[in-house]
Amino acid sequence: MSFGSNRPTFKPTPYGYTRRSRGIPRWLLLLITGIVLGAGGVLFLQRSYGPQRLTVEQSEQLRMDLNTTNLENQRLNNEAKTIRQDISQIKESQAAQDVRMQQLRKQTADMEAGVANLIAAIPPDPRGTTPGIRYADLTVQNGQLDYQILLIQDLAEGQTETPNLRGEIKLVGVGTYPNGNTGYVDLIAQPLEMGRYIVVSGQADLPKAYRLRQVTIQVVGEGSDTVIATRTLRVTTVK
C-alpha cells in the first residue's frame, strides 16, 4: 500500500488544451506583415513600371496644352469650313462663267455670221485686189483730214482662215495751193496688220491754205515697196 498520491502526472499533448499566452497573436502579425509587404510591392511596381505621377506644374502645363490644342482644332475646323464655302462659291462662279462663255461664243458666232453677210453686201474694190479698199470716208474740216477706211481680204477658194497681212498704209493728198499750183502731200504712213478686215481711222494735218481735192490710198506689203492695193477717192469739205 502506497502512501503517495495516486493522481496521474499531467503531460501536455499536441491536441490537448493549453492556456493562451498573452500578446499579439501570431496570425495577426503574419496578416499585417503580408499587407505591408503587398503595399510596398504595389508601390515599387508603380514607381518602377507604372505611369509617372505628374507634379502640380506638369498638370497645369498639360491642362494649358490641352486647351491650346482644343483652340487650334477649333481654328482648323473654322478654316476648313471657310475653305469648303470658298470652294463652293468658286464652283458656282465657274458654272456661271461657263454659261457666260457659251453665250459669248454664240454671240461671237452670230456676229461673225453678220459680218460675213455685211462683207458680202459691200461693193468690191474696182481694182479687184486683196486686200480691197472697199470703203472710205474722207472729210476735210478745220484744216484737218478725218479718214475712215475699210480694208477687206478676200478668201481664196476652199480657204477657211484669212492669213494675217502686215505692211503699211499710206495716204497721199492731191490739191492746190493759193497760187493755183497743184501739189502732192504725204498725209500719213502708218503700220498695218490685219486679218479678214480692218478699219483704219484717224486725222491728218493739212498744209496751211492747202485745198485738198482727193486722196490716194496705198497699201504696201511688209519689207517691200510694192503697192499691193490702191484707190483714189474724192474728199468732202465741211466749211
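Residues that are more than 43 Å from the chain's Cα centre (by Cα), open to solvent by 30 Å² or more (accessible area, probe 1.4 Å) and farther than 27 Å from LEU118 by Cβ within the stretch 202-237 comprise ASP205, PRO207, LYS208, ALA209, ARG211, ARG213, SER224, ASP225, THR226, THR237, listed in sequence order. Taking the criterion of being in a strand (DSSP E or B) and of a type in the set (Lys, Arg), the only residue of the stretch 122-149 that qualifies is ARG134.
Residues considered: MET194, MET111. Of these, the only one that is touching a residue at least 60 places away in the same chain (Cβ under 8 Å) and farther than 22 Å from THR236 by Cβ is MET194.
A quick yes/no check of all residues on (1) more than 21 Å from ASP225 (Cα to Cα); (2) open to solvent by 60 Å² or more (accessible area, probe 1.4 Å); (3) in contact (Cβ under 8 Å) with a residue 60 or more places away in the chain; (4) of a type in the set (D, E, K, R):
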{"position": "GLY132", "(1), (2), (3), (4)": "no, no, yes, no"}
{"position": "TYR147", "(1), (2), (3), (4)": "yes, no, yes, no"}
{"position": "THR160", "(1), (2), (3), (4)": "yes, yes, no, no"}
{"position": "GLY167", "(1), (2), (3), (4)": "no, no, yes, no"}
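Consider the stretch 102-116 and keep the residues that are open to solvent by 90 Å² or more (accessible area, probe 1.4 Å) and modelled with pLDDT under 85. The one that is farthest from TYR197 (Cα to Cα) is MET111.
Among residues of the stretch 36-63 that are surrounded by 10 or more Cβ atoms within 10 Å (Cβ to Cβ), those with a beta-carbon under 7 Å from a residue that is at pLDDT below 70 at least six positions away or on a different chain give the pairs LEU62/LEU54. Of all the residues in the stretch 115-145, those that are under 16 Å from GLN190 (Cβ atoms) and either in contact with a Gly (Cβ under 8 Å, 6 or more places away or on another chain) or of a type in the set (Phe, Trp, Tyr) (or both) number 1. Has the stretch 166-179 got at least one residue that is in contact with a helix residue (DSSP H, G or I) (Cβ under 8 Å, 6 or more places away or on another chain) and of a type in the set (A, V, I, L, M, F, W, C)? Checked the stretch 166-179: no residue is in contact with a helix residue (DSSP H, G or I) (Cβ under 8 Å, 6 or more places away or on another chain) and of a type in the set (A, V, I, L, M, F, W, C). Is at least one residue of the stretch 158-171 at pLDDT below 95, touching a strand residue (DSSP E or B) at 6+ places or on another chain (Cβ under 8 Å) and among the β-branched types (Val, Ile, Thr)? No: the stretch 158-171 contains no residue that is at pLDDT below 95, touching a strand residue (DSSP E or B) at 6+ places or on another chain (Cβ under 8 Å) and among the β-branched types (Val, Ile, Thr).
Quick one: is VAL199 open to solvent by 50 Å² or more (accessible area, probe 1.4 Å), of a type in the set (Val, Ile, Thr) and either at pLDDT 90 or above or farther than 20 Å from PRO124 by Cβ (or both)? Answer is yes for this residue.
The values are calculated or read from the model by the stated rules, or taken from the named source; none is laboratory data. Given the structure is predicted, the values throughout are model-derived calculations rather than measurements. Virtual Cβ from ideal backbone geometry, glycine too; neighbours counted across all protein chains shown. Accessible surface is based on the protein model in full, side chains and every heavy atom, while ligands, DNA and RNA are left aside. Shrake-Rupley method; radii C 1.70, N 1.55, O 1.52, S 1.80 Å.
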